[in-house]
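Q: Please see the structure below; I have some questions.
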Amino acid sequence: MRDFDDEVAARVAGNAGDAPLQGAVRSFLLESIRTQYSYNFAWLGRPIIQYPQDIVATQELIWSVKPDLIIETGIAHGGSLIFSASMLALLDLCEAAEKGTVLDPARSARKVLGIDIDIRAHNRGAIEAHPLASRIEMIQGSSIAPEIVAQVRQIASGYRRVMLCLDSNHTHDHVLAELEAYAPLVSVGSYCIVFDTLIDDMPADMFSDRPWGPGDSPKTAVTEYLKSHPEFEIDKAIQHKLLITVAPDGFLRRVR
Ligand SMILES: C[S@@+](CC[C@H](N)C(=O)[O-])C[C@H]1O[C@@H](n2cnc3c(N)ncnc32)[C@H](O)[C@@H]1O
C-alpha cells in the first residue's frame, strides 16, 4: 500500500506542471460551464449541483476527517445535504462494524446542518421525506445574518469534529463574511471547502448575469481571509489530483 500511495502522490504532483493535461482541463471546464454540466447529476434521488470529481474528493475528506457535524451553506435541491448525510450514515455503519455492534441510526449524533436564504417548499418537502432526513437540520435565512450565525454557532457547540462547505452567494464580500463567521468552527485537521473559486479563473463574460465574476469571487475571499488566518492552508494536492474541480484553492485544511 505504501508503494501505491507514493505512486499516486508522484502522479498527482506531476499533474500540476503537465501543460497538455492542464490545457485539456481548461477546455473542458470552459465548455462544461457553458453547457451547465454541474446541473445534470443527482445523489440518492436529489439533484446535486456539483462536479462528480468534487463529490469524490469530499467523500475522501469525510472518510479521513470523520466529522460528526457538516455545516453547508447553499442547499438548493438538497443533493449535497443528502450526500453528506449518506456519508455520515456510512461512517456510523463502519464504526458499528468495527466495534462489532449493531447500528442504531436513532442514536447517531452525526448530523448535517444546511443554511439557505430560500428553501423552496418542494425542496424542503423532498428533503424531509428522504430516508436520511433524520440526519439533516435546515435553517432558512441569509448565512451571514447575525441571528443565523448565532444559531449555527449554538448548534455547532455540541459537536467535536466539524467540517464546512460554503456554496451559497459567491460574491467576495459574502464568502469572506461566511469564512469569518463559520471557519472558526472547523476543527483542527478538518476542512473548509469553498466552492466556485473557479469563477476567478474564467472569462468575465461567463458571469455577466451574476453579481460575481473574476476579481469578485470566492477565490478572492479565500486569498483575503488567509492573509490573517494562518490556521488554514490550501491543500493543493486535492486540486492537482482532481484537475476537474470548481474549487481550485478552495480546499482549506485547518492546521492549527
Ligand atoms: C449553488 S446552490 C447550492 C447547491 C448545493 N450546495 C448542491 O450542491 O446541490 C446556491 C444556493 O445558495 C442559496 N443562497 C444564495 N444566497 C444566499 C445567502 N445569502 N445565504 C444562504 N444561502 C444563499 C441559493 O438560494 C441557492 O439555493
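Q: Please state which one of D54, D92 is in contact (Cβ under 8 Å) with a residue 24 or more places away in the chain and not hydroxyl-bearing (S, T, Y). Lay out the reasoning, then the answer.
A: On the way: D92 fails: in contact (Cβ under 8 Å) with a residue 24 or more places away in the chain.
Only one candidate passes the filter, namely D54.
Q: Among the candidates D209, D235, single out the residue that is among the charged types (D, E, K, R) and under 18 Å from M163 (Cβ atoms). Spell out how you get there, then give the answer.
A: On the way: D209 fails: under 18 Å from M163 (Cβ atoms).
Step by step, each of D209, D235 is checked, and only D235 is among the charged types (D, E, K, R) and under 18 Å from M163 (Cβ atoms).
Quick grid of which residues meet (1) small (G, A, S); (2) in a helix (DSSP H, G or I):
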residue	(1), (2)
F4	no, yes
A9	yes, yes
V12	no, yes
N15	no, yes
P20	no, yes
G23	yes, yes
L30	no, yes
Q50	no, no
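Q: Could you list, in sequence order, the residues of segment 69-83 that are in a strand (DSSP E or B) and within 7 Å of the ligand (Cβ to nearest atom)?
A: Applying the first criterion (in a strand (DSSP E or B)) to segment 69-83 yields 69-73.
Once the filter is applied, which keeps residues that are in a strand (DSSP E or B) and within 7 Å of the ligand (Cβ to nearest atom), segment 69-83 yields E72, T73.
Q: Restricting attention to segment 32-48, which residues are in a helix (DSSP H, G or I) and surrounded by fewer than 13 Cβ atoms within 10 Å (Cβ to Cβ)? Before you say what the answer is, go through the steps one by one.
A: Taking segment 32-48 first, the residues in a helix (DSSP H, G or I) are 32-34, 37-39.
Matches in segment 32-48: R34, Y39.
Q: Assess whether R135 counts as being surrounded by fewer than 16 Cβ atoms within 10 Å (Cβ to Cβ) and of a type in the set (K, R).
A: On the way: surrounded by fewer than 16 Cβ atoms within 10 Å (Cβ to Cβ): no; of a type in the set (K, R): yes.
Taking the combined requirement at face value, the residue does not satisfy it.
Q: Report the residue count in segment 9-49 for those that are away from the ligand (no atom under 16 Å from the Cβ), without any contact (Cβ under 8 Å) to a residue 40 or more places away in the chain and more than 21 Å from H240 (Cβ to Cβ).
A: Of the residues in that region, 2 qualify.
Coordinate-derived values only; no laboratory data. Because the structure is a prediction, the values reported are computed rather than measured. Counting neighbours? That spans all protein chains shown, and the Cβs are built from the backbone with ideal geometry, glycine included.
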